[in-house]
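Heads up: the structure comes next, in structure tokens.
All of the numbers you see were taken from the coordinates with simple rules; none came from a lab. This structure is a prediction, so every number in the text was calculated from the model and none was measured. Every residue, glycine among them, receives a Cβ derived from its backbone with ideal geometry; neighbour counts consider all protein chains shown.
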Amino acid sequence: MISLNSTFRTGRSRTAARMMAAGALGAAVLLGASGCALISTQATTITYSPSDGIIVSPESGPVQIRNVLIVANEDGSAGNLLGAFVNSTDENHTVSMEFGEPGSGVSETIRVPANTVISLGVDGEDPILLEGIEMLPGSDVPASFQSGDGETVLTDVPVLDGEQEYLAPFVPSAS
């Protein structure tokens, strides 16, 4: 009887050991197959600008500001501001903007009615002409944006030229 019990115990121990080994092997394969994906940021969760312009941070207020860029003439003396201003609220809002060095730049405002999108340079909306600051194509212009009770957001707006066919109509003449 003693030998029968020890055989029974040994058989059960072997089965348990095999199950534990299979579980450990499965866990190792699972971890190896997932690789760094367990600790990496998912690329689809990263906000980015899928075009030539920039997206201004949502902290700037209730008006979303998208695809903002400046199309400047060759000497950088004048540039047209393009971009979309999206007000999805039930209230009218004004967006305050400043381009160039703070305090010595050019200030502009745009009123965006409730539940409206204003796309500067599209659908009959004229771009905003900026003059009096240096805007050489290929550079960035420091800018600030604010609407409603949002924070003032400081960012750099890209300056492009009319080399791309779709931007050529927006190049202002030299002053």
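Observations, loosely collected:
- Region 72-175: chymotrypsin sites (Phe, Trp or Tyr not before Pro) falling in loop per DSSP and having at most 15 other Cβ within 10 Å: TYR166
- Nearest-0.05 FRET efficiency for VAL29 and ASP126, computed from C-beta distance (R0 45 Å): 0.15
- Taking amide H as placed 1.01 Å from N in the peptide plane, ASP52 has no amide H partner under 5 Å among residues 5 or more places away or on another chain.
- For region 111-120, 3J(HN,Hα) computed residue by residue from phi via the Karplus equation (6.51, -1.76, 1.60; θ = phi - 60°) reads 8, 10, x, 4, 6, 9, 10, 10, 10, 5 Hz, glycine and proline entered as x.
- Phi to ³J(HN,Hα) by Karplus 6.51 cos²θ - 1.76 cosθ + 1.60 over region 17-23, Hz, x for Gly, Pro: 5, 5, 5, 5, 5, 5, x
- Cβ-Cβ FRET estimate between GLU163 and THR44, R0 fixed at 25 Å, reported to 0.05: 0.20
- Each other residue within a Cβ distance under 11 Å of LEU167 adds +1 if Lys or Arg and -1 if Asp or Glu, for a net charge of -4.
- GluC sites (Glu not before Pro) restricted to region 117-160 and DSSP loop, no more than 13 other C-beta within 10 Å: GLU151
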